[in-house]
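> Pasting in a structure now, in structure tokens, and then I'll have a few things to ask.
The values are calculated or read from the model by the stated rules, or taken from the named source; none is laboratory data. For clarity, every value in this text was computed on a predicted model and none was experimentally measured. For neighbour counting, all protein chains shown are included, and Cβ atoms are generated from backbone atoms with ideal geometry for every residue, glycine included. These area figures cover heavy atoms from the full protein model, side chains too; ligands, DNA and RNA do not enter into them. Shrake-Rupley method; radii C 1.70, N 1.55, O 1.52, S 1.80 Å.
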Amino acid sequence: MRRGGAQLTPLGRHAEPEEIAAAVLYLGFDATFSTGTVLHADGGMGQGIPPLFE
């Protein structure tokens with residue numbers, strides 16, 4: 001179930017399950033050279049960018 005707040009992200013929408021799965025797969029399999037890194041799958045919320053769609 002999706003709840004409100006999507007309009008607050010710079011992308012103006014919630015993530016699709018496939019997008020989150022891609023981030024998980026990247027961290028689990030492809031990120032062999034990434035260390036001490038946090039991957040924020042937050043639609044740009046952490047960037048302080050205003051939403052594109054209002």
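> Just for the range 24-52: of the residues that are among the aliphatic types (A, V, I, L, M), more than 13 Å from the chain's Cα centre (by Cα) and part of a loop (DSSP other than H, G, I, E, B), which one is modelled with the highest pLDDT?
31
> Being modelled with pLDDT under 90 and within 11 Å of the chain's Cα centre (by Cα) is the filter; apply it to the range 12-23 and report the residue that is nearest to residue 38 (Cα to Cα).
Top of the filtered list is 23.
> Would you pick out the residues in the range 1-23 that are outside any helix (DSSP H, G or I) and either open to solvent by less than 90 Å² (accessible area, probe 1.4 Å) or in contact (Cβ under 8 Å) with a residue 12 or more places away in the chain (or both)?
Within the range 1-23, 2, 4, 5, 9, 10, 11, 12, 13, 14, 15, 16 meet the criteria.
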